[in-house]
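The values are calculated or read from the model by the stated rules, or taken from the named source; none is laboratory data. Just so you know, these numbers come straight off a predicted model, no measurement behind them. Don't worry about glycine lacking a Cβ; one is built from the backbone with ideal geometry, like all the others, and counts go over all protein chains shown. Just so you know, the surface numbers come from the protein's heavy atoms only, side chains and all, with ligands and any DNA or RNA stripped out. Shrake-Rupley method; radii C 1.70, N 1.55, O 1.52, S 1.80 Å.
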Amino acid sequence: MKILPRSAFGQTVLLIGVLLLINQVVSFISMSIYIIQPNAQQVNQLLAKQVRVVFIDIADEAISPAMGEAFQRETGIGVYREAAAMKLGLQEAVYYAFRSDEMSSLLGGPAEVRISQGDEYLFWIRPPQAPEYWVKIPINGLREENFSPLIFVLMILGILSVMGGWLFVRQLNRPLAALQHAAHDVGRGDFPEPLTEIGTTEIVAVTRAFNHMSKGIKQLEDDRNLLMAGISHDLRTPLTRIRLATEMIAEDEFLKAGIEGDIQDMNTIIDQFIDYIRHDSKDKVELADINLLIDEVVQSESMLEREIIINAQPLPKVPLRYVAMKRVLANLIQNALRYSNGKTIVTSAFDKATQEVCFCVSDEGPGIAEVDIERLFQPFTQGDEARGTGGSGLGLAIIKRIVDTHGGRVELSNRVEGGLTAKVCLPISHG
C-alpha cells in the first residue's frame with residue numbers, strides 16, 4: 001500500500017503542508033521560549049521579592065493575626081496558616097511543579113506554588129522561611145495561559161495556506177493535464193486542435209513545442225495517406241487493364257490463371273498497405289463487450305467448417321474501435337486456421353490485477369521459433385517455412401498497430417502441447 005502521493009500535484013501539496021506544520025511548531029516553541037517563559041520568570045521573581053518582604057525580620061517569630069491583617073490591608077498580601085488558607089481557597093488551587101521548582105531556587109529552599117483563578121488570580125506560596133504558613137498574593141491583569149485560541153488560529157492559517165497551495169498547484173498543473181490528454185490522442189492517431197498556451201513560461205514553451213510537433217506529425221500523416229492513395233490508384237489502373245487483357249486470352253488457360261492469381265495477390269497487398277496506413281483511426285471509440293465481438297467473428301468464420309472452440313468468461317466492457325478490433329480478431333483466427341489443421345481455441349478473461357480484458361487465439365500448428373517472435377510484429381516481416389511465407393508481411397504489424405492505438409498489448413507464445421497462442425490485452429479504461 002502506497003501512502004505517499006506519486007504525482008507532482010500531490011507531492012507539492014504534501015510538501016506545502018509539511019513546511020507549514022514545521023513552521024507553526026517552530027513558531028509555537030519560539031514563542032514559548034522567548035515570550036511565555038521569560039514572562040513567567042519575571043512573575044516568579046516579583047513574587048519571590050514580595051515573599052521576602054513579608055518575612056523580613058520575622059523569620060523566627062510567629063506572625064500575629066493583627067500583623068497579618070494590617071499587612072493584607074496595606075498590600076493585599078495575606079499570610080495564613082494552612083487550615084485558614086484551605087477555607088479561603090487553597091483547596092481549589094492547582095499545584096504547578098515548574099513554578100514551585102523555580103520559586104524554591106529563588107527563595108533558597110523548598111517552596112510550593114499553587115494558583116487559583118476566580119474573581120482574582122491568586123498565587124499561593126508556601127515559603128521555606130515559614131513552611132507552616134501560606135502567602136496569598138493577588139495579581140491583577142494576569143490570567144492563566146490559554147493556548148486554545150492560538151492553536152485555533154494556527155490551524156486556520158494552516159488550512160487556508162494548504163488550500164491556497166492546492167489551488168495554485170491545481171491551476172499550475174491544468175496545462176500539463178491538457179498536454180497529457182493531447183499526447184494520448186496523438187498516440188492513438190487523433191490530432192486535436194492546438195493547445196492554448198497558458199501557464200508559466202516553461203509550460204508555455206513545452207506547449208508551443210508540442211503544438212509544433214503535433215502539426216508536423218499530422219502533416220506527415222496526411223502526406224503518407226495521400227501518397228498511398230495515389231500509389232494504390234495508379235497501380236489499380238494498369239492492373240485493371242491487365243485483367244481485361246487476360247480475359248481475351250483463350251488459348252492458354254494455365255497462363256491466364258497465373259496472371260489472374262498474381263493480379264489478385266497484388267490487389268490484396270495493396271489493400272493491406274491501405275489497412276496498415278488507415279488502421280480505422282476514424283472509427284468512434286465506444287464501450288463494447290469483447291465476448292459479443294468474439295461470437296460475431298467466430299460465426300462468420302464457422303462457414304469454413306473448421307472446429308473453433310470458445311471459452312469465454314464474463315467481462316466488463318472496454319472502450320474500443322469496434323471495426324478495427326474486429327479486424328484484429330478475424331486476422332488472428334484466420335492465421336490460426338491457415339497454419340493449423342486442428343482445432344482453434346478462442347478464450348477471454350478479465351485480469352483484476354492489471355485491470356485488463358484479454359482474449360487469446362490458440363492453434364495446433366507448428367508454432368514459431370522463439371527468436372522470430374518479436375520481429376514478426378515489424379512491417380514486411382514474414383514467418384519461417386513452418387508458418388508459410390505468403391502475403392506481404394503486414395498482417396501482424398497491422399494487428400499490433402491497432403492494439404497500440406487502444407493502449408493495449410499483443411503477445412505471441414508457443415504452446416507446450418504444440419501450436420501458437422496470440423494474446424491481446426486491452427485496458428478497461430483508456431485515457
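Summary of values
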| quantity | calculated |
| --- | --- |
| Residue match in the stretch 360-382 (condition: without any contact (Cβ under 8 Å) to a residue 12 or more places away in the chain and either among the acidic types (Asp, Glu) or surrounded by 15 or more Cβ atoms within 10 Å (Cβ to Cβ) (or both)) | yes |
| Residue ID - modelled with the highest pLDDT, chosen from residues in the stretch 53-71 that are exposed (fewer than 15 other Cβ atoms within 10 Å of the Cβ) and assigned to a helix (DSSP H, G or I) | Val53 |
| Tyr80, sole failed condition from (1) exposed (fewer than 13 other Cβ atoms within 10 Å of the Cβ); (2) assigned to a strand (DSSP E or B); (3) hydroxyl-bearing (Ser, Thr, Tyr) | (1) |
| Residues (at pLDDT below 90 and in contact with a strand residue (DSSP E or B) (Cβ under 8 Å, 6 or more places away or on another chain)) located in the stretch 414-431 | Arg415, Gly419, Ile428, Ser429, His430 |
| Per-region count, the stretch 383-408, residues open to solvent by 20 Å² or more (accessible area, probe 1.4 Å), over 12 Å from Val328 (Cα atoms) and modelled with pLDDT of 65 or more | 1 |
| Complete set of residues in the stretch 407-424 that are assigned to a loop (DSSP other than H, G, I, E, B) and either closer than 18 Å to Ser348 by Cβ or among the small types (Gly, Ala, Ser) (or both) | Gly407, Gly408, Arg415, Gly418, Gly419 |
| Residue within the stretch 86-109 that is open to solvent by 20 Å² or more (accessible area, probe 1.4 Å), of a type in the set (Lys, Arg) and not in a helix (DSSP H, G or I) present | no |
| Within the stretch 308-329, tally of residues that are touching a helix residue (DSSP H, G or I) at 6+ places or on another chain (Cβ under 7 Å) and not in a helix (DSSP H, G or I) | 5 |
| Residue list for the stretch 338-350, restricted to those being open to solvent by less than 40 Å² (accessible area, probe 1.4 Å), within 21 Å of Ile402 (Cα to Cα) and among the hydrophobic types (A, V, I, L, M, F, W, C) | Val346, Ala349 |
| Scope the stretch 135-152; condition under 28 Å from Leu107 (Cα atoms), open to solvent by 100 Å² or more (accessible area, probe 1.4 Å) and either charged (D, E, K, R) or at pLDDT 75 or above (or both); matching residues | Arg143 |
| Filter result (modelled with pLDDT under 75, open to solvent by 40 Å² or more (accessible area, probe 1.4 Å) and closer than 23 Å to Ser362 by Cα) within the stretch 276-303 | Ser302, Met303 |
| Qualifying residue in the stretch 258-265 (condition: at pLDDT below 70, aliphatic (A, V, I, L, M) and either over 43 Å from the mean Cα position of the chain (by Cα) or assigned to a helix (DSSP H, G or I) (or both)) | no |
| Test: residue in the stretch 115-132 that is surrounded by 13 or more Cβ atoms within 10 Å (Cβ to Cβ), at pLDDT below 85 and farther than 21 Å from Leu88 by Cβ | no |
| Enumeration of residues in the stretch 153-165 that are surrounded by fewer than 16 Cβ atoms within 10 Å (Cβ to Cβ) and touching a residue at least 40 places away in the same chain (Cβ under 8 Å) | Leu157 |
| Failed item in (1) without any contact (Cβ under 8 Å) to a residue 40 or more places away in the chain; (2) surrounded by fewer than 22 Cβ atoms within 10 Å (Cβ to Cβ); (3) within 13 Å of Leu293 (Cβ to Cβ), with Ala353 passing the rest | (3) |
